[in-house]
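Working notes, structure below.
The values are calculated or read from the model by the stated rules, or taken from the named source; none is laboratory data. All of these numbers come straight from a predicted model, not from anything done at the bench. Ideal geometry is used to build each Cβ from the backbone, glycine not excepted, and the neighbour counts take in all protein chains shown. Keep in mind that these areas ignore ligands, DNA and RNA; they rest on the heavy atoms of the full protein, side chains included. Shrake-Rupley method; radii C 1.70, N 1.55, O 1.52, S 1.80 Å.
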Amino acid sequence: MCLAIPAKVISVEPGGLAMIEIEGVRHKASVELVPEAEVGSYVIVHAGFAISVLDQEEAQGTLKLFQEMAEMAAETPHVGDIG
Amino acid sequence: MKFISEFREGALGSGLVRRIERLSRPIRIMEVCGGHTHVICRYGIRDLLPPDIQLIHGPGCPVCVIPQHEIEKAIELSTRPGILLCCFGDVMRVPTRRGTLFSLARGRGSVKMVYSPLEAIEMAAALPDKEIVFFAIGFETTAPSTALALKRASSQGLANFKVLSTHFIIPPALRVLVKDSSSRIGAFIAPGHVTTIIGPDAYCFLADEYNRPVVVTGFEPLDLLQAIMLILQQAAEGKPRVENQYTRAVRVQGNRRALEAMDEVFEIRPAIWRGLGLIPGTGLGIAPAFAPWDAEKAWDLSQVEPAPEPPGCLCGDVLKGVSQPKDCSLFAVSCTPDSPVGPCMVSPEGACAAHYRYRGA
């Protein structure tokens, strides 16, 4: 019920319904709670309702941070490696 | 960007793990979402951490925190003539004194599994001679869907649709946990999807009044590692606050439409949590304006008595973070996912089920 993973919006129909795709399988979901959802958006769906639209820029910012940390870790010796 | 594989890139985890090792200090960090419990076990996050950092599971699995007698109320309704009970699949296998909802679905055919309350609404419209009862469970993530279903029933005048509500809300339960000295919680990994609805400010009291770091967190392994790192950073700085790691999904204001629908349809009431007992302000009953669709108003269920915990079952302590699944003498012996004794072994979001499934992983 709560193991929600991102779903792609395939089409938006009248009446607040949308066709979404999760791991290649299509389902119907309500987008009443996220009117900003459009075709191509990724949404989080719980109990047949999209509750949030994922923000691409924010996601890229988080990934960039991970990348920087991985690069820093590669450059700096690990405390346990010294001596 | 598919928002999944990018956040599972193992090479990117090394930087986070290094940083965590440098900042490591003795701390107990509680996650309060079954989704996080699942990810922690599935990806062996614990094995990546220094031994000083303990991850403990909280009451984040909605099926696990429902008291047995609430499920027995649903069972009672499903045995009455003319009623078809609709519920999510997770709750159907929880054992009670009267069997499971699953056994009733197979036997009498008076229970039906649904993925969304809207399916129950459609059923009510298609079967006007039946009373369709939706057994509404879950936290702030599913409560808005029940609210919208009730609003639809009201606007369509569906008199044969009812809701049996056992929705819970999270923040006041965290206050009880942080004050409970047996749990010894040093920081919280806050539930990402609940927070898409309520917004991160709902947890400010944990930082302001109890000096605990709180990080609202996403559901991929790198999200969990970053959250742990942010918690350790806050602890090192000595400045506990609420941080939002899951910025791609969680907005500061939450989801206003969902909150408005919940406000309109529900009223806050005390609720009994399995393991935690009665907590004021954590239950969502149905507001008087929607009383015609309230199953508890339509039928007298007062004869369903509270149930004792199954003998030997430690689910109550597991839900408070006091015990780990392996501390329970029933774990993986007489209690398994195929034959669960307690609710934490039933749902994939339950701590016992996650530990069982990924043990030795």
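Taking the alpha-carbon distance from B:LYS73 and a cut-off under 17 Å, which aspartates and glutamates remain once sequence neighbours fewer than 8 residues away in the same chain are dropped? Within the straight-line limit of under 17 Å, B:LYS73 reaches these aspartates and glutamates: B:ASP90, B:GLU131, B:ASP294, B:GLU296, B:ASP300, B:GLU305, B:GLU309.
Note on exposure: B:VAL346, A:VAL39 ranked by accessible area (1.4 Å probe, complete protein assembly) read A:VAL39, B:VAL346, with the most exposed listed first.
Per residue, chain B exposes 37 Å² of solvent-accessible protein surface, assessed with a 1.4 angstrom probe and all protein chains in place. For region B:1-66, a Kirkwood radius taken over Cα pairs fed into Stokes-Einstein (37 °C, viscosity 0.692 mPa s) yields D = 244 µm²/s. Beyond 16 Å, the tail of the calculated P(r) for region B:284-361 holds 59 percent of the Cα pairs.
Note that region B:290-302 has calculated 3J(HN,Hα) couplings of 10, 3, x, 10, 8, 4, 5, 7, 6, 9, 7, 10, 5 Hz, one per residue in order, obtained from phi through the Karplus relation 6.51 cos²θ - 1.76 cosθ + 1.60 (θ = phi - 60°); glycine and proline are x. Take every DSSP beta bridge whose two residues both sit in region B:1-120; close to 10 percent of them are antiparallel. The residues of region B:140-177 listed by number as losing at least 30 Å² of accessible area in the complex, against the isolated chain and with a 1.4 Å probe, are B:THR141, B:THR142, B:SER145, B:LEU148, B:ARG152. Looking at chain B, what % of its DSSP beta bridges pair antiparallel, to the nearest 5? Antiparallel bridges: around 25 percent, rounded to the nearest 5.
Using all pairs of distinct alpha-carbon atoms, the Kirkwood hydrodynamic radius of region B:315-357 works out to 9.8 angstrom.
Basic side chains Lys and Arg get +1 at the Cβ, acidic Asp and Glu get -1 at the Cβ, and with that the dipole of the protein assembly as shown about its Cα centre reaches some 860 debye.
For chain A, the C-alpha radius of gyration divided by 2.2 N^0.38 Å, with N the number of residues, is 1.59. 3J(HN,Hα) couplings calculated from phi for region B:225-231 with the Karplus curve 6.51 cos²θ - 1.76 cosθ + 1.60 (θ = phi - 60°) are, in sequence order, 5, 5, 4, 5, 4, 5, 4 Hz; Gly and Pro show x. Exposure check, 1.4 Å probe, all protein chains in place: A:MET19 carries approximately 50 Å² of accessible surface. Take the residue pairs B:LYS179/B:LYS326; B:LYS112/B:LYS297; B:LYS2/B:LYS112; A:LYS8/B:LYS297; A:LYS8/A:LYS64 and return only those whose Cα atoms are more than 31 Å apart. Pairs exceeding 31 Å: B:LYS2/B:LYS112; A:LYS8/B:LYS297. Both chains summed, the buried accessible area for A and B stands near 3900 Å², from protein heavy atoms and a 1.4 Å probe.
B:ASP263 contributes about 120 Å² of solvent-accessible surface, heavy atoms of the protein only, 1.4 Å probe. For B:LYS162, the residues 5 or more places off, or on other chains, whose built amide H falls under 5 Å of its own are B:ILE132, B:VAL133, B:PHE134. A 1.4 Å probe, protein heavy atoms only, puts the accessible area of B:LEU84 near 20 Å².
Can you classify region B:172-278 as rounded, prolate or oblate using the Cα gyration tensor, where a ≥ b ≥ c are the square roots of its eigenvalues, rounded means a/c under 1.5, and otherwise it's prolate if a/b beats b/c and oblate if not? Cα axes put region B:172-278 in the oblate bin. Per residue, the convex hull spanned by the Cα atoms of the protein assembly as shown amounts to 143 cubic angstrom.
3J(HN,Hα) along region B:118-124, derived from phi through the Karplus expression 6.51 cos²θ - 1.76 cosθ + 1.60 where θ = phi - 60°, amounts to 5, 5, 5, 4, 4, 5, 4 Hz, with x in place of Gly and Pro. Each 5 Å bin from 0 upward holds the following percent of the Cα-Cα pairs of region B:68-108: 6, 25, 41, 23, 5. By DSSP, the beta bridges lying fully in the protein assembly as shown are antiparallel in about 45 percent of cases. Please find the FRET efficiency linking B:SER5 to B:ASP129, where r is the Cβ-Cβ separation and R0 is fixed at 45 Å, and quote it to the nearest 0.05. The value I calculate is 0.35. Here the protein assembly as shown exposes an accessible surface that is 52 percent carbon and sulfur, computed with a 1.4 Å probe and the other protein chains kept in place.
Here chain B has an Rg and Dmax of 20.6, 66 Å, counting Cα atoms alone. Quote the FRET efficiency, to the nearest 0.05, computed for A:ARG26 versus B:ASP338 with a Förster distance R0 of 25 Å and r equal to the Cβ-Cβ distance. Here the calculated transfer efficiency is 0.20.
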